[in-house]
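What follows is a short report on a single structure.
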Amino acid sequence: MMVVLFLLLLGIFIALPIYYVIISSVKPISELFYFPPRFYVLDPTTDNFLSLIKLQSQSEVPFERYLFNSVLVSGISTVGYVMLASMAAYALAKHKFPLKGFITQAVVIAILFRPEVTSVPQYILMSKVGMIDTYWAVILPAMAGSFGVFLLQQFLDTVPNELIEAGRIDGASEYAIYFRLIMPMLKPAWMTVIIFTFISIWNTTGVQFIYSENLKMLPAMLSSLSTAGIARTGVAAAVAVLMMIPPVVIFLFSQNSIVETMAHSGMKG
Amino acid sequence: MKTKIKGSKPRKKRSFLYKYGSTMFFLLPWLALFCFFVVIPILVAVFFSFTDFDMVRSPQFVGIRNYVSLFLDDETFIKSLSNTFFYALVTGPAGYLISFAVAWLINEIGSKFWRSVLTLVFYSPALAGNVYMMWNYIFSGDSYGLLNSWLTELGILSKPIQWLTDPAYNSMAVVIVILWMSMGVGFLSFVAGFKQLNKDLFEAGAIDGVRNRWQELWYITLPQMVPQLKIGAVLSISGAFAVGGVNAALTGNPSTDYSTHTVLLHMTDYGYSRYEMGYASAIAVVLFVLMLVFWKLIHGVLNRFSTD
Amino acid sequence: MFRRTSKKVISVILVAAMLLGPYFPAEGENASQGEVSLLVGRTGEELTFRPEEAKTLTEGDSFTQELHVPKDGAYYLSICYRAVSGRQINPEAVLSLTGEEAAFEQSIVFSRRWLDIHTNGRFAKDSSGNEVVPKVEEALVWQQATYGLSAENGSGAVSLKAGDYTLTITMNSEAVELGDVRLIFGDPVSYSEYLSAREGLIQEASEPEVIEAEVMDAKSDSSIIATYDRSSPDISPNVPDAISLNIVGGSSYSENGKWIEWQFEVEKAGFYSIDVRYMQDGLRELGVGRRIYIDGVIPFLEFDNYIFNYGQSYETLRLQNEEGEPYYVYLTEGSHTLRMEVSQKHLEQEIYELKQYIQECNSMYRQIISITGATPDTYRDYYLDRELPELMVFLEDSVGRLETLAEDIEAWSDTGEGSETTVIYDMLRTVNRFLDKPFKIPSMLSEFKNNIDSLANLIVTLENQTLTLDYITLTPRGEPIQEKDSGFWSHLWFRIKSFFASFSQDYNTVSGDGSRTIQVWVNMGDMLVSGSASGRDQMQIIRQLSEDSFTTDSGISVEFSLVSAGDTLSQAILAGKGPDVALFVNEQTVANLGLRGVLADLRQMDGYGEVREQIYDSAFVPFIFDGEVYAIPETQNFNMMFIREDVFEEEGLEVPETWEDFYAVQARLAENKMEIGIPESQEIFEMLLLQRGCSIYNDALNASALKSQEAVDAFTQWTDLYVKYSLPLSFSFLNRFRTGEMPMGIMSYTMYNQLVVAAPEIRDQWAMYPIPATVSEDGTLDRSQSSNNTGCIVMNASEDLKAAYAFVEWWTDGATQTEFGRQVEATLGKSARYNTANKVAFEALNWTNSELEVLSEAREDVTDIPQTIITYYVSRCISNAFRKVVYSYENPRDTIYRYSNDMDLEFERKEEVMR
């Protein structure tokens, strides 16, 4: 019990800023500008959220469109990535081919690399191919990351090869093995990859690559609301809270799966 | 093992496509994207590091001039390097240990409900994105800033301290915030690792004379968790060496006298503020090599622990 | 906010004072009134007035008239006037009435009359089918306004005793032609009297008449604009695939005295009820007041301040009394007008009381901290009850005052309990605690301050009488209310349609005749960070304006994008995807791109000469390199000194003119533990340098010039402010200025925007002054300072340079900038006032005349320091140098020398790299 208490205290400290944002979102304007900022609210109100709704009504592009864009892009990236990554992970874990070792190493190393460096070359490449200002500009790079491949590969490594051999002996083609045998086994790992990918795409604004207003996603739209002036401070807090909800919900639902994946995905050798 | 079909002539060489067709089918889609969006840009960046590209005009080849300047002429780089090491060494292991310790404590709790709740609570900084701006208020240099006013009330301070702009203090502030943010995927990995520990080994250990929790930790728990420890390490290293965003948000970019300047910030500074992309690319390459070296080291160390 | 000395008699400020009492023909002997001659005219029609009396009053002029009051009672002044064309702000005057025994004085506003230029009865549409906000023009016609003489505390009309009086009207700003001025006996007609006077009038069958509120026939301010709400099909009119302007409301229509007028036709005479479809989501428990006129006259007392209650969605309300019985007005056949004017009459007294109370609180607060300092020592006993006996008296009084205040506000609310009064109870709690344990006061000081702030914010809330109107129906008696509620499915279908429409709609492009297209990027920026505020709202406005005047005239299509320029810009240019034009680009980016040959020299633009004249010269400085002009300035920020005049008066201080004066004032303020706010910013250093005639760079702009004696002096002076004079380094000016503990500060003049919106309780107590000057050798005062600008640029790589130039020419022209400024302020409120660099546009903004004068004068002294290839580095060096001296107490001369060398090194390095 002591442990719980101690952790709770520590946890409160950790969660403080987030708590602050949540509190801010229900503060009326009269309390938002207190300095130093307060951690409690005297007069909670839903005004900020209502203002947000009102602001939507004054937008040329309807809110649903931004939501749609975010969901579409996050959805396609996530699903696409899970599929591509699990396929690649299968090949890397269970097949033999030249360069296998090299690619495996590259996957791990690429995790170390920072995206800031690659953003300019990426931009140039993408514009040569004509991808700028389309959904693809956000979807495709999201599917190129190696962390998911890495996780899945580790997970697959724990699957005994015998199972696969048995499948091959039984005359199943690689494709059949993959779809009927492997995919179901990977389910918990999928959940993890889905969550991480989703959360990261959900929070990107994509403004470096997307200019058209009706293609922009939620974070971009929400941040452009707050640059219009100090009148929107409370709304910005409401926005932050709303943006936090999907990741938290998804995380809660799949805590178990994540934990299981992680349990299996340490690195061997 | 491929069985030979009776009567067929054994072929000497299967065609490449035959042997690897399915592999390619599985591997290529992702690999293609990976190459296009990750590998090629990295190679281009490496290429840039040998030029004097200024983002606007076409790059001119200059050989290793950038690297030479970097190591011989650039004081700020040396400073940012030392800062980065400092942050990496302090927050890397510290964050790592804290994540581990918290995961361990959480594991000690019996109630599943509390475990879930606490895991969420500790992971929440990672979930929430940019909330660390809140720390700006705490560390504000205003005499009414949270920390300042609290310390003044306690009688410790008589004049407000500029936590974020005074080189004497801002490193400390940054370290605190980074530690705060350190519970990320690594932390989850540890929580998971604890769950799948083999109970039998613990009993065996008790019988064999393991006396206290620490010994248990060292000899039994840790070795089983090497894989998770490694993941945690990779992420830690990657995060620690690439620290920069938080610093910039809190102490300004650049910070006073480059006191919280890191290699990453140095790179973006040259790239975006000074329009010297070639030089920035060189810095990026150096950073990457650094991380690689460290990774190899840690990898080797952790391998010794492995029970596999 | 004009400067004047306070007089005991001057009461509520202009917003409260433009009271129009119920005007109705009364019987009895009296100075005047013919019911006909005092009607407000319709558009274009002339009023009857007595022209031989018409005289033009310009600023400073006075008009005097003797009046005789026949009997005791409440009177109103009716004034016929015609506004003289000038700036857009409403002319203001001071009215004083002196009699044998009593004297009254108050400020009044002569509101102008603005007309929207409608197309086909509604609005023009752009090429995507969106309705466009119309332009306005002023109707210089005769109007009549009635002013009530109100008591100082806003509690209602003042009774005049019979006798002789002298009336004086003195113009404070702008000019009017004055016509008939009469004193009218006020004898309110109640609704029942109104009805009984019309008994027997027949009601003929008729159709309801619908007035779309956004189609305004006249309004009191050019900033009241039609806007849109796309969320529901019930808002009339609304289409899913384009913007229909369908509502009017917002912050411009929320201040006391603002009005909107509509004209409508009545087919058959009869009794009509007024059904208003509105949404009031501003004041929760309290209502929002409107004064309703039919044909220029308030028909009966109950329409003097009709309260609209809170609701989160649109509803249709038939104007009715408390029992739910509708009010009917009798309308003859033909044309009529309906006017709704903002009225905060129901809250006036409370607002007044709040303002008084807060003032006294702040004064007490200042007195307390003059003893304890802003952060009191918790271990010390200050014995405040002995030191400040008036404090205890004040606190005791407070209890009663606060309780009454809360009760009064609650009396207005529907449920008898107001969330708006929570803050009053908070303060009450604090006061009681103070009374209980006076020794605790120092430790609870910040609590007290926060309470004061909340009360001040309450004033903001109460004064914000926002009402959003969709349409108004005049329904013949007997017909039910035409409620429109399409139901859930209809709503859903509407939203689905608009969602799908978003795929075919082009939100970015303004299509011309298809022959040429240019791309324009609007830089997204934050006022604090980039010096200009610009977000989605601004972009939408620019798009509409471009549609309206640029594309229709030139045929050039324009594609707009909202981006965060800076790195995106360079990347895009590199990849060949850059825009033709970019707006609101900051100085540094312009320098970086310009010096690398990416930008076009805008002197080649056709209208360059004209544009150059319209913009302050100083704004061009950071955009000129080697004589080539790479950007046309759009916004310009510079510093002004903000002074709390009331605090200065209390302390007997004079506003400093020079830096010597400044130090003297600082010493006096420090005695009372008050502070001065000068934020740590390179601009202050530049200011001091410029005032000494030097600069950061040498003339050739290839080396630093900070080693000269003057530069070192400037640097020392700058750092001394913090080292020697202990000015605070980091503070929230808004908060401290409000309480008065920081009665002076040097900030960007855009701080005005924030203060005006967030600190209304001190609205009359502060003003902007020019920054302190350095006395130069020949004795003249040098007030130079630098500025912080953004500009618009054209890329060299543009495929259609001519089209790009045409756009820039159009955009930077005074007329366009003025309209942009007007719409931005109308849409986002005063806090977003456009800090334009264009003289014409600047003068058209809603500054009062005195403010405009002070600002324009200050701007004359703005020069600027040019940008160079190492500007980014220079700002670091200066900031580091500053901090070395201020935090670590190093020697200023040595420090600035060292960093100056650093800068020179960087110059060399950069030159090498650039080769």
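Relative protection proxy for C:458-471, C:707-720, from highest mean packing down: C:458-471, C:707-720 (other beta-carbon atoms within 10 angstrom). Here the simple spin-label model places points 7 Å from the Cα toward Cβ, and for A:T46 and B:N303 these points are separated by 6.0 nm. Sorted into 10 angstrom bins from 0, the C-alpha pair distances of the protein assembly as shown split as 1, 7, 14, 18, 19, 17, 12, 7, 4, 2, 1, 0, 0, 0 percent.
With both labels modelled 7 Å from their Cα along Cα-to-Cβ, the C:D720 to A:V79 distance reads 7.2 nm. Rolling a 1.4 Å probe over the heavy atoms of the protein chains gives the stretch A:61-264 an accessible area of 36 Å² per residue. Scanning residues 5 or more positions from B:M55 or on other chains, those with amide H under 5 Å from its amide H are B:M277, with H placed 1.01 Å from N in the peptide plane.
Comparing the full protein assembly with the isolated chain (1.4 Å probe, heavy atoms, ligands and nucleic acids excluded), the residues of the stretch C:231-280 losing at least 10 square angstrom of accessible area are C:S231, C:I243, C:M279.
Accessible surface ranking for C:D782, C:D377, 1.4 angstrom probe, highest first: C:D377, C:D782. Chain B against chain A buries an accessible area of about 7400 Å², both chains summed, 1.4 Å probe radius. For the residues of C:498-505, the average number of beta carbons from a partner chain within 10 Å of their own beta carbon is 5. Tally Lys/Arg at +1 and Asp/Glu at -1 over every other residue whose Cβ is under 14 Å from the Cβ of C:G99; what's the total? Net local charge, C:G99 excluded: -4. When peptides C:868-878, B:37-47 are ranked by their average number of other Cβ atoms within 10 Å per residue, the highest-first order is C:868-878, B:37-47. Near C:T430: Cβ cut-off under 11 Å, other residues only, Lys/Arg at +1 and Asp/Glu at -1. The net charge is +1. Accessible surface buried at the A:C interface totals approximately 4400 Å², computed with a 1.4 Å probe on protein heavy atoms. The residues of chain C have, on average, 37 Å² of accessible surface per residue, using a 1.4 Å probe with all protein chains present.
Residues whose amide H comes within less than 5 Å of that of C:N246, counting only those at least five positions distant or on another chain, are C:T227, C:Y228, C:D229 (H built at 1.01 Å from N in the peptide plane). If R0 is taken as 60 Å, the Cβ-Cβ distance between C:T168 and C:E407 corresponds to a FRET efficiency of 0.95. Scanning residues 5 or more positions from C:L317 or on other chains, those with amide H under 5 Å from its amide H are C:V276, C:R277, C:Y278, with H placed 1.01 Å from N in the peptide plane. Annotation: extensible slack from C:K135 through C:E267 equals 44.4 nm (criterion: 0.36 nm per residue apart, minus Cα-Cα distance). Translational diffusion of the stretch B:240-308 was estimated from the Stokes-Einstein equation, with Rh taken as the Kirkwood radius over Cα pairs; at 25 °C and 0.890 mPa s the coefficient is 181 µm²/s. For the segment C:572-579, counting C-beta atoms of other chains within 10 Å of every residue's C-beta and taking the mean gives 5. Averaged over peptide B:255-263, the number of partner chain Cβ atoms lying within 10 Å of each residue's Cβ comes to 3.
The relative contact order of chain C, computed from alpha carbon pairs under 8 Å that lie at least 6 residues apart in sequence, is 13 percent. Computed about the Cα centre, the dipole magnitude for the stretch C:163-242 is approximately 220 debye when only Lys and Arg (+1) and Asp and Glu (-1) carry charge, each at its Cβ. On the full set of protein chains, 1.4 Å probe, figure out the accessible area of C:R230 and give it in Å² to the nearest 10. Taking all protein chains as shown, C:R230 has close to 30 Å². Using a probe of 1.4 angstrom and keeping all protein chains present, the accessible surface of the stretch B:64-305 works out to 40 square angstrom per residue.
Scattering from the stretch B:64-305 was approximated by placing one identical point on each alpha carbon and applying the Debye formula without solvent; log10 I(q)/I(0) at 0.07, 0.09, 0.11, 0.12 1/Å stands at -0.31, -0.50, -0.71, -0.82.
Within the accessible surface of the protein assembly as shown, defined with a 1.4 Å probe on protein heavy atoms only, the carbon and sulfur portion equals 56 percent. Among B:269-280, C:730-741, the peptide with the highest mean count of other Cβ atoms within 10 Å heads the list, and the full ranking is B:269-280, C:730-741.
What's the FRET efficiency of C:N432 with C:E671 using the Cβ-Cβ distance as r and R₀ = 41 Å, to the nearest 0.05? The computed FRET efficiency comes out at 0.80.
The values are calculated or read from the model by the stated rules, or taken from the named source; none is laboratory data. Computed from a prediction, not measured in an experiment: that's the story for all the values here. Ideal geometry is used to build each Cβ from the backbone, glycine not excepted, and the neighbour counts take in all protein chains shown. When the accessible area is computed, the model is the full protein with side chains, heavy atoms only, and any ligands, DNA or RNA have been set aside. Shrake-Rupley method; radii C 1.70, N 1.55, O 1.52, S 1.80 Å.
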